[in-house]
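Student: The following block contains the structure, expressed as structure tokens.
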Amino acid sequence: MYERFGKRLIDILLSAALIVLLSPVYAVIALLVRVKMGRPVLFSQERIGRGEKPFRMYKFRTMTDARGADGALLDEQQRLTKFGVALRSSSLDELPELFSILRGDMSFVGPRPLPTYYGPYFLPQERARHTVRGGLIPPDGLCGETTPSWETQFRYDVDYARHVSFALDCRVILATVKILFKRVENNYGAEDRPHLSEYRAQMRKDEHEL
């Protein structure tokens, strides 16, 4: 009952209320992003949603469009600004996702929606994470790590998808509050984790060498 009706009702009511209450915060962050990094203020990307259907997710921009002498974009760490790091560490860059929650593309709690180009790199058992709506607050916060490994993240994602409940959502939210303080202290926004495609490619290379 909760997964089918209650969870979605909470998502609608809470996201609508927060969008209204946080409208001044949206305006301030948008202005700062515009001044420090230019246009566009928002970063958008196609992500994998429930049932593996793609949707467009929006976040506040945290990187510049700086390019090298050859005209190609510099790597992400070189384009990441101090203000961008602060936004990521505090998760304020995620605030535009409240609109995705209101639309029904996402939920407050659920596996983080990953880019559509990650699709070919999921193992069969990991695809169970896509049987529920992706979330603003991921269940891997229960592991207590600020940057869990891909295996840890997917293990918690799949377990969440199979055992969705109000109690579990509350546990995830409480755990994430604790993680958020760790992220700010540890400058989480500056951490660089390899993309899933790169990670799986390295795994195959290591296995081949063995």
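The values are calculated or read from the model by the stated rules, or taken from the named source; none is laboratory data. Being a predicted model, the structure only gives us computed values, none of them experimental. Cβ sites come from the backbone with ideal geometry, for glycine too, and all protein chains shown count toward neighbours. Note: accessible area is taken over every heavy atom of the protein model, side chains too, but ligands, DNA and RNA are not part of it. Shrake-Rupley method; radii C 1.70, N 1.55, O 1.52, S 1.80 Å.
Student: Pull out a ≥ b ≥ c, the square roots of the eigenvalues of the alpha-carbon gyration tensor of the range 57-133, then state rounded if a/c is under 1.5, prolate if not and a/b is larger than b/c, and oblate in the remaining case.
Tutor: oblate
Student: Restricted to Cα positions, what overall size does the range 117-179 have along the principal axes? Three whole-Å values, descending.
Tutor: 33, 24, 16 Å, listed from the longest principal axis down.
Student: Can you give the charge dipole size of the chain about its Cα centre, rounded to the nearest 20 debye, using +1 on the beta carbon of Lys and Arg and -1 on the beta carbon of Asp and Glu?
Tutor: 680 debye
Student: State the answer as a single residue: which of Thr81, Ala30, Cys170 lies farthest towards the positive end of the charge dipole of the chain, with beta carbon charges of +1 for Lys and Arg and -1 for Asp and Glu, about the Cα centre.
Tutor: Sorting the options by dipole projection puts first Ala30.
Student: Quick one: grab Rg to one decimal and Dmax as a whole number for the range 1-57, Cα atoms only, in Å.
Tutor: 15.6, 46
Student: Given axes a ≥ b ≥ c from the Cα gyration tensor, I'd like to know whether the range 1-96 is rounded (a/c under 1.5), prolate (a/b larger than b/c) or oblate.
Tutor: Cα axes put the range 1-96 in the oblate bin.
Student: Turning to a different aspect of this structure: Of the heavy-atom accessible surface of the range 41-107 (probe 1.4 angstrom), what whole percent is carbon and sulfur?
Tutor: Roughly 53 percent of what the probe reaches on the range 41-107 is carbon or sulfur.
Student: So for each of 143-150, 45-52 I average, over its residues, the number of other beta carbons within 10 Å; can you give me the resulting order with the highest mean first?
Tutor: In descending order of packing, they fall as 45-52, 143-150.
Student: Calculate the translational D of the chain in whole µm² s⁻¹ from Stokes-Einstein, where the hydrodynamic radius comes from the Kirkwood formula applied to all Cα pairs, the temperature is 4 °C and the viscosity 1.567 mPa s.
Tutor: 71 µm²/s
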